[in-house]
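Here the structure is laid out as C-alpha cells; the discussion comes afterwards.
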C-alpha cells in the first residue's frame, strides 16, 4: 500500500517538475532581466551581480523613449479590460437568462451559432473586423477594441452562464412567479444573486482576455496615446537594439494585475469555469 | 377563500394528450386531495390551476372567475413545492416576506404578517437563518409559511411531504391538517400516497391516465370504490381481487364459492371479486387456504395465504398461533364484498 503511494507520488512529480520548470523559467528570466543593469542583462549569470530597481524607476517615471506614454497606456489597458469585462458580463448574463430561464424561442439556435464562431480562429476574423470597424467609423477609437473583444468573449461566456443557469432549480422561478415576480424582478432578485460565482468567473475571464489581447489591439488602434500596454510592449522590438531590461520590467508590471485578479477570484474561477463541464 | 371549478379541462404536450377532459368543483374552504399513480396527470392539473402550465382546452375558474388567461401572480394562489423551492440567498424572514415585498407592502405590515405566520408554524427562532441551515421538516414549514403570509384564496400543495422521512411525514401531515382546520383556506393537495390522501382530505379525487376515476370522501372511496382501479388503489394493504363467474348467487373462483349480496350479477357473468384484507377472517367454516407468510406488527397480524393459485392478504387484529404451512379456513360477509364487471371494471351494485 505504502509502496503504491510512493510510486503514485513519484509519477506525479515526474510530470509536475517539468511542468513547473516549463512555466517558471520564462518568469524567472523576466524577473532576472527586470532587475539587471543594462550591461549585464545578457551576461548569462543565474543571478545578477548587482541587482537593481533602476529599470522600474525608468518605467514608472517614463524615462525611456518607448515609455513616454506608459501611464496612459496602462490606463488604456485597464479601461478597455474593465469595459470589456462589464459589457460582456451584461450581454452574456442577459442572453443566458433569456435562453435558459425565459426559454426564448430560438435561443438555443442563437447560442449555437455564437459558439460556432469559435470554429474560425480569431486571427482570420481580424481583417473583416477591421473593415467592420472602419465602416462604423470606429477605427482609432478605443471603443473599437472594446466591441471587438466583447464579440470574441461573449459566446463562451454565454455558454458558461447558460450551463450554470440550467443548474438552478426550475421551481425557484415558478415559486417567484407565483409570489408575483415579473421577469425583471425574477432576474434581479432571484437569478442574479444566485449566479454571483459564475458571474465573477466570467467577468474575470473576459477582463483578462481583453487585458492580454495583442493582435486586435495592434490592428485597431494606432495613435500612441490610444494604445494598450500590450501593443506598446511589442513596439519595443521595432528597434535593432531593444532595451530588454526595460521591456522585461514593463512586462513584469503588466503581468501583476492579472496575477492579482486571478489570485483574488481563483475560488470562483475554478468552480465557475468548470460549472457545466459535467452533467451532475 | 374561494371555490374552484374545473370544466372539461384538457392538456396536451405536443400531440400527446395527458388530461382528457377533467371536470369537478371544489367548495369554499374544502381540502381536496388529488391522488393517483405517477403520470396520471394530477400534478399537471395542479400546475394548470397555479398558472404554471397553459390550459389546452376547457376552463378553470377560481370563485367563478375564469383564470385561463390570467398570469400566475394574478390568481391569488400560493403553492408549496415538493422541493420546497426556498430562495437559497434569502433568510427565512426574507423568504416568507418576498411576495409582500414584491407587492410593495409596508415594511411594518410585512414584519407583522411574517411574525404571525412564524408563530403559527413555530418558526420564530429560525427567522434569521438561511434555508441551508434548516432541516427538511423546517424547510417544509418555511415553504408553508411563505404560502400563509400571502393569505391567498387557494393553497396548492404539490407532493410536499415526499422528501421527508416516514416519521416526519406523519408529523407534517398532522400539521398541515391542523393548519387547514385553523385557516379554513381552500386547499388542493397532490400526492401519490393514498394514506396521505385518506388521512387529510375532505374529498379525494382519484386520477388515472388523465381522467378522474372517482370523487368522494375518503370513507366513500374505501367502502364503495366505483371501479376496479379505485378499489385496488385505495386501502393498504391493497384489496384482494380475483376473477370468477356468478353461479347460483355466489361467485365461483379459485376453486371455491364466494358469497354475493342477494340479487347481484347475472348468472354466468364474469366478474372481478374484491375483498379487503380486514374483511377476511379465520373461522371454522369457509374457504380452505394455506398460510404462506405470517407478519406480526404488534397490534395486527398480516397473513399471506394461498387459495388455489392466488395469494390473498388477511389482516387480523391481535395475534395468532398459525404458522406458515398451516391450513386455515377463511370466512367473510357477503355485504363486505366488492364486485366489478369483468370487462369494464365498473362496480356492480
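General observations
- Counting Cβ atoms of other protein chains within 10 Å of each residue's Cβ and taking the mean over peptide A:178-187 gives 6.
- Two-site label geometry, residue B:302 and residue B:341: point separation in nm, points 7 Å out along Cα→Cβ: 3.3 nm
- Helical runs assigned H by DSSP (4 residues or longer) give the protein assembly as shown a calculated mean residue ellipticity at 222 nm of -14500 deg cm²/dmol, each run adding -39500 (n - 2.57) before division by the residue total.
- Our estimate of slack between residue B:27 and residue B:266, defined as 0.36 nm per intervening residue step minus the Cα-Cα distance, is 82.1 nm.
- Nearest 10 degrees, 0 to 90: helix B:136-150 Cα axis against chain B principal axis: 60 degrees
- Of interest is the spacing of the C-alpha centroids, which for region B:228-257 and region A:250-265 amounts to 80 Å.
- Against the main long axis of the alpha-carbon atoms of chain A, helix A:192-212 sits at an angle near 30°.
- Rounded if a/c under 1.5, otherwise prolate or oblate - region B:57-191, Cα gyration tensor axes: oblate
- Paramagnetic label reach from residue A:82 (point 7 Å along Cα→Cβ; backbone nitrogen cut-off under 16 Å): within region A:123-163, residues A:142-143, A:146.
- Of all DSSP beta bridges confined to the protein assembly as shown, the antiparallel ones make up roughly 75%.
- Shape call, chain A: gyration tensor on alpha carbons, a/c limit 1.5: oblate
- Cut-off 16 Å, label 7 Å out along Cα→Cβ of residue A:266, residues of region A:13-31 by amide N: A:20-21, A:23-24
- The peptide list B:212-219, B:143-150, A:135-142, B:66-73, put in order of mean Cβ contacts within 10 Å with the highest first, becomes B:143-150, B:212-219, B:66-73, A:135-142.
- Annotation for residue B:20 and residue B:219: the two label points, set 7 Å from Cα along the Cα-Cβ direction, are 3.3 nm apart.
- Distance from the Cα centroid of region B:44-98 to that of region B:127-151 is 17 Å (rounded to whole angstrom).
- Ordered by the count of other Cβ atoms within 10 Å of each Cβ, fewest first, B:336, B:153 give B:336, B:153.
- Put in line by how crowded their Cβ is, counting other Cβ atoms within 10 Å and starting with the fewest, B:40, A:94, A:157 read A:94, B:40, A:157.
- For the residues of B:76-88, the average number of beta carbons from a partner chain within 10 Å of their own beta carbon is 4.
- Measuring r between the beta carbons of residue A:38 and residue A:170 and using R0 = 56 Å, the FRET efficiency lands at 0.30.
- With respect to chain B, whose longest principal axis is taken over its alpha-carbon atoms, helix B:107-120 is tilted by about 30°.
- Kirkwood radius, region A:47-101, all distinct C-alpha pairs, inverse of mean reciprocal distance: 14.5 Å.
- Evaluated on region B:4-233, the Kirkwood hydrodynamic radius is 18.2 Å, with distances taken between all distinct Cα atoms.
- When only alpha carbons are used to place a centre, region A:1-55 and region B:273-349 end up 84 Å from one another.
- Global geometry of region A:2-60, whether rounded, prolate or oblate, following the gyration tensor of its Cα atoms and the 1.5 cut on a/c: prolate
- Shielding of B:141-148 by partner chains, average beta-carbon count, 10 Å: 1
- Normalised by residue count, the protein assembly as shown yields a Cα convex hull volume of 269 Å³ per residue.
- Spin-label model, residue B:63/residue A:61: points 7 Å from Cα along the beta carbon direction are separated by 8.0 nm.
- Residues in region B:326-346 reached by a label modelled at residue B:247 [backbone nitrogen below 18 Å; 7 Å Cα→Cβ]: B:342
No lab work stands behind these numbers, since they all come straight from the coordinates. Since we're looking at a predicted model, the values are computed, not measured. Don't worry about glycine lacking a Cβ; one is built from the backbone with ideal geometry, like all the others, and counts go over all protein chains shown.
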